[in-house]
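Enquirer: Structure below; questions to follow.
The values are calculated or read from the model by the stated rules, or taken from the named source; none is laboratory data. Given the structure is predicted, the values throughout are model-derived calculations rather than measurements. Please note: Cβ atoms are built from the backbone with ideal geometry, for glycine as well, and neighbour counts cover all protein chains shown. Ligands, DNA and RNA are excluded from the accessible area calculation, which covers all protein heavy atoms including side chains. Shrake-Rupley method; radii C 1.70, N 1.55, O 1.52, S 1.80 Å.
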Amino acid sequence: QVQLVESGGGSVQAGGSLRLSCTASGRAFAAYAMGWFRQAPGKEREFVAAVLWNGGSTTYTDSVKGRFTISRDNAKNTVTLQMNSLKPEDTAVYYCACARGAVYTPVRGDLYDYWGQGTQVTVSS
């Protein structure tokens, strides 16, 4: 079993930045894909970003392109989401997710095997 723990959430004003990190533990880290999802109040969970095993293939939802950057460090068993130019609509609980097998459509949350407990991101206007 893999445990994922997110950190780095907090409260910032619009235009500010936050850096979220997710650390995997429990067994050797060998995820094919690592992703970030978020869930805002009253809304369903949505895909934010994903990075594949070698760190060279990334996918972002349109609303965060140009503002967020996802990366991973396999040696440290971590995945990071750098969030810049934050907007109030980015307010949500952000979840780290791990897919142990091949994921060809990383926007699909049902393809991920492990999830963190989430970290709150609040962006005020």
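Enquirer: Kindly write out, for the stretch 65-70 in residue order, the coupling ³J(HN,Hα) from the Karplus curve 6.51 cos²θ - 1.76 cosθ + 1.60 (θ = phi - 60°), rounded to whole Hz, with x marking Gly and Pro.
Expert: 4, x, 10, 10, 9, 9
Enquirer: Diagonalise the Cα gyration tensor of the chain and give the resulting equivalent ellipsoid semi-axes, square root of 5 times each eigenvalue, largest first, whole Å.
Expert: Value: 23, 14, 14 Å, ordered largest first.
Enquirer: With every protein chain kept in place and ligands, DNA and RNA left out, what is the accessible area per residue of the chain? Probe 1.4 Å, answer in Å².
Expert: Per-residue accessible area for the chain comes out at 51 Å².
Enquirer: Let me ask you something else. To the nearest Å, what is the center-to-center distance of the stretch 31-64 and the stretch 79-125, using C-alpha atoms only?
Expert: Computed from Cα coordinates, the inter-centre distance equals 5 Å.
Enquirer: Provide the per-residue ³J(HN,Hα) series for the stretch 79-92, in order, calculated from phi with Karplus coefficients 6.51, -1.76, 1.60 and θ = phi - 60°, each as a whole number of Hz, with x at glycine and proline positions.
Expert: Each residue's phi maps through the Karplus curve to give 10, 10, 10, 8, 10, 10, 6, 5, 10, x, 5, 7, 4, 4 Hz.
Enquirer: To continue, here is another question. Through the Karplus equation 6.51 cos²θ - 1.76 cosθ + 1.60, θ set to phi - 60°, convert the phi angles of the stretch 17-25 into ³J(HN,Hα) values in whole Hz; use x for Gly and Pro.
Expert: Values, residue by residue: 10, 9, 10, 9, 10, 9, 10, 9, 8 Hz.
Enquirer: Give, as a single signed number, the net charge of other residues whose beta carbon lies under 13 Å from the beta carbon of LEU18, with Lys and Arg counted +1 and Asp and Glu -1.
Expert: +2
Enquirer: Sticking with this structure for a sec: Using per-residue counts of other Cβ atoms within 10 Å, averaged over each peptide, order 114-121, 11-18 from highest down.
Expert: 114-121, 11-18
Enquirer: In the chain, which longest range has no trypsin sites (Lys or Arg not before Pro) that are both DSSP loop (not H, G, I, E or B) and surrounded by at most 11 other Cβ atoms within 10 Å?
Expert: With a cap of 11 other Cβ atoms within 10 Å, the longest stretch comes to 66-125.
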